[in-house]
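Below: the structure, in structure tokens.
Read-outs: derived from the displayed coordinates by stated rules, not from any lab. Source: prediction; values computed, not measured. Virtual Cβ from ideal backbone geometry, glycine too; neighbours counted across all protein chains shown.
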Amino acid sequence: MTNEEKQAAKARKEELARARAKQAAKNREKNGNIFKRAGRAIARWFREMRSELKKVVWPSKKQVKNNSAVAIFMMLVAAVVVWGFDFLASNAVRLIISLGG
């Protein structure tokens, strides 16, 4: 390898090192410290959440009232059914105890 080739190879290495250092500095500047990255991530999360909430089809007041009435009615029906089973079971136990005692 001649002296000129050695100097050219050394110059290429130095240029490559400068390019890597420049890219690393650019990445550090772009990414920032952990607080900046966390702040950007939180801000992005809120922007995406807001965007998704705009896509939601919210129910009308009439639908909310209707759904609430149906839910309350079904809870009352379930309560009556449970009460009925409890009433029958307690009477059956009383009957069995009275027959045995």
Item to check | Rule-of-thumb Rg ratio for the range 1-59 [Cα; 2.2 N^0.38 Å; N residues] | outcome: 2.27
Next on the checklist: Under the 0.36 nm per residue contour assumption, what length would be gained going from the current alpha-carbon distance of Ala43 and Leu16 to full extension?
Outcome noted: 6.1 nm
Checklist entry - Total Lys pairs in the chain closer than 19 Å by alpha-carbon, pairs eight or more apart in sequence or interchain only? => result 4
Item to check | Only Lys, Arg (+1) and Asp, Glu (-1) charged, at Cβ; the range 20-101 dipole about Cα centre in debye | outcome: 1420
Next on the checklist: Which three extents, in angstrom, do the Cα atoms of the chain have along their principal axes, listed largest first?
Outcome noted: 117, 46, 24
Checklist outcome for this item: If unit charges are put on Cβ atoms (+1 for Lys and Arg, -1 for Asp and Glu) and the dipole of the chain is taken about its Cα centre, the option from Leu76, Leu53, Ala41 lying farthest towards the positive end turns out to be Ala41
Item to check | Cα Rg over Rh - the range 58-101, Kirkwood | outcome: 1.45
Next on the checklist: Mean Kyte-Doolittle hydropathy of 0.0 or higher plus an axial Cα length of 15 Å or more: which whole DSSP H helices in the chain meet both?
Outcome noted: 61-100
